[in-house]
Amino acid sequence: DQDTFDRLRYVEVKHGRIAQLAFLGNVVTRAGAHFGGNIDKAGHAFDSYPNGWAGIYGPDAIPVKGAVQIFSFIGLLEVAVMKDMGGFGNEFPGDLRNGTFKSGWDKFDEETKFQKRAIELNNGRAAM
């Protein structure tokens, strides 16, 4: 039915966005781009930690408390912020604007909107 399809499409778009961000983050950090400054008050720089899984698990990984903070922040975003809330005029499954950020999207015609959503969906599938 349509409700099941919309839910599955929402999940597919959301996971695709996460996969795209993870891929981009991996490529950017492996290219040598890191935040400037220190990651903690002890003076450890962002680039002093390894890239990829080695930054989470390994001898030079970020401390456990840091990993807990990162995953807690992601969980907070998942539960409280990045939600497809009804009643805000969302146009399609995965439209997380929830009544905000309309100025840019509303400038496109329906054909362009459909094309951009299809591109996002395909890029998300490729990243997954």
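The values are calculated or read from the model by the stated rules, or taken from the named source; none is laboratory data. All values reported here derive from a predicted model rather than from experimental measurement. Reconstructed Cβ throughout: ideal geometry from the backbone, glycine too, with neighbour counts over all protein chains shown. What goes into the accessible areas is simple: the full protein's heavy atoms, side chains included, and nothing from ligands, DNA or RNA. Shrake-Rupley method; radii C 1.70, N 1.55, O 1.52, S 1.80 Å.
When the residues of the range 52-77 are narrowed to those that are of a type in the set (Val, Ile, Thr) and not in a helix (DSSP H, G or I), which ends up most open to solvent (accessible area, probe 1.4 Å)? Among them, the one singled out is 56. Applying the criterion of being out of contact with any helix residue (DSSP H, G or I) (no Cβ under 8 Å at 6 or more places or on another chain) and open to solvent by 70 Å² or more (accessible area, probe 1.4 Å) to the residues of the range 118-128, the residue that is modelled with the highest pLDDT is 126. Output the residues belonging to the range 34-46 that are surrounded by 12 or more Cβ atoms within 10 Å (Cβ to Cβ) and either within 28 Å of residue 124 (Cα to Cα) or among the hydrophobic types (A, V, I, L, M, F, W, C) (or both). Within the range 34-46, 34, 39, 45, 46 qualify. Would you be able to tell me the number of residues in the range 5-32 that are farther than 23 Å from residue 118 by Cβ and either among the basic types (Lys, Arg) or in contact with a strand residue (DSSP E or B) (Cβ under 7 Å, 6 or more places away or on another chain) (or both)? Qualifying residue count for the region: 1. Run residue 32 past the list (1) on the phi < 0 side of the Ramachandran plot; (2) under 21 Å from the mean Cα position of the chain (by Cα) and report the number of the one that doesn't hold. Result: residue 32 passes all but (1). All of (1) open to solvent by 70 Å² or more (accessible area, probe 1.4 Å); (2) modelled with pLDDT under 90; (3) more than 21 Å from the chain's Cα centre (by Cα) hold for residue 49 with one exception: (1).
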